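The structure under discussion appears below in the form of structure tokens.
The values are calculated or read from the model by the stated rules, or taken from the named source; none is laboratory data. Not measured: the values here are computed from a predicted model. Positions of Cβ are backbone-derived with ideal geometry, glycine not excepted, and every protein chain shown enters the neighbour counts.
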Amino acid sequence: MFGLVLKFQAFMEKLRKNKGMWFTTITTLSFFGIVVTLYYLNSMTTRAAKNLYEATNASYFYELDTKITDSTQKLELIGNMLLLNQAFVAVMNNTANADAIAGQIKSIGDVATSVDKNPIILELFGKNAVKIASSSENPVLDGKAYDSKILQKAIATGQPVSGIEYQDGAVFLIAAYPLQNSVLEIKKSMDYLVDIYAANDKIFQVLMDKDFVNMQSAAQFKHQKIGKSEVSFQSKTDSDFLQKIAELDFEKLIANKYMLSDEYFILAKPIMNVEGKKVGVVIVGENILKNNGLPRMVKGISIGLTTAALGLVVALLVFMV
């Protein structure tokens, strides 16, 4: 060990005597150090920005899940309360008395809507999945059975089922309750979230996979095709935003959870049906150019870190000169 130290000292002494070699060695080591430092600082700022966006993404997902869960629980509460009313249940099970059913459902739907401040629809289906009555303004009562996985599961299991599903030109949060001779559905269009997000300068869109929607039946309702497989049935849409995301790879976006374009911070969450299959995607977007937006704040922090890193490198170069 001592011999190695002596050899190193001798080598350094030799370098000092050879001015050209000494300068070349010091310069090479200095530039190598700068390159390594620059790489480290750049990668550090990239990791910091990624971590900041991951944290932002997580908070957005939590906010979305909370809103959907709260609304679903309200629908389930309405359903559980109605099932405790024996007189109401008796009317719903007497499927031959359509007028009495329609009257009960309409009055309860109006009360629920006035309390929630958003339209809540009550609908009754027979055990053959044919709609009997609805509290909506323009009910679809065509005598055709619905290809609804939620209805099918509620009928098959005899247990309440809730989830997100497309029906009659809209995407709904649905809570279904099987009765003796019928199935009661309490539902709320996902469109209510458009205004809630818009109040915070965010964009909310729901896209369904056309392979899981009867497009022949859906053709009579307002809809907009997005890209190769997605369809929007929302009554309120942001056409400019939908145009910008039309060519996105939604599978990749879901896998990455979020993306950053020149204009938007976008996150995606898959819509799963009761069979566990992906039938659509929820998109939340925010313009990164607005001053008070969280994505812009994150971008500002990222730029600040990068600028500080570059400033440090410039300072090192000046010091070397």
TODO: Look at residue 216 and say whether it is among the polar types (S, T, N, Q), out of contact with any Phe, Trp or Tyr (no Cβ under 9 Å at 6 or more places or on another chain) and in the same structural domain as residue 251 (by TED's automatic domain parsing).
DONE: yes
- [ ] Please verify whether the range 168-183 includes one or more residues that are among the hydroxyl-bearing types (Ser, Thr, Tyr) and closer than 21 Å to residue 279 by Cα.
- [x] no
- [ ] Go over the candidates 111, 183 one by one and state the one that is β-branched (Val, Ile, Thr) and in contact with a helix residue (DSSP H, G or I) (Cβ under 7 Å, 6 or more places away or on another chain).
- [x] 183
Task: Count of residues meeting criterion [modelled with pLDDT of 85 or more, outside any loop (DSSP other than H, G, I, E, B) and under 18 Å from residue 203 (Cβ atoms)] in the range 249-258 - done: 3
TODO: Kindly provide the set of residues from the range 238-259 that are out of contact with any Ser or Thr (no Cβ under 9 Å at 6 or more places or on another chain) and of a type outside the set (A, V, I, L, M), ordered by number.
DONE: 238, 239, 240, 241, 243, 247, 249, 251, 252, 256, 257
Open item on the list: For the range 146-188: of the residues being polar (S, T, N, Q) and touching a residue at least 60 places away in the same chain (Cβ under 8 Å), which is surrounded by the fewest Cβ atoms within 10 Å (Cβ to Cβ)?
Closed with: 180
- [ ] Kindly provide the set of residues from the range 113-126 that are among the small types (Gly, Ala, Ser) and under 20 Å from residue 167 (Cα atoms), ordered by number.
- [x] 126
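For the condition under 12 Å from residue 283 (Cα atoms) and charged (D, E, K, R), what is the one hit in 249, 238?
Sole residue among the options that is under 12 Å from residue 283 (Cα atoms) and charged (D, E, K, R): 238.
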TODO: Please state which of the following conditions residue 205 fails to meet, knowing it meets all the rest: (1) surrounded by fewer than 22 Cβ atoms within 10 Å (Cβ to Cβ); (2) over 13 Å from residue 125 (Cβ atoms).
DONE: (1)
Open item on the list: Which count do you get for residues in the range 262-282 that are without any contact (Cβ under 8 Å) to a residue 60 or more places away in the chain, assigned to a loop (DSSP other than H, G, I, E, B) and in contact with a strand residue (DSSP E or B) (Cβ under 9 Å, 6 or more places away or on another chain)?
Closed with: 1
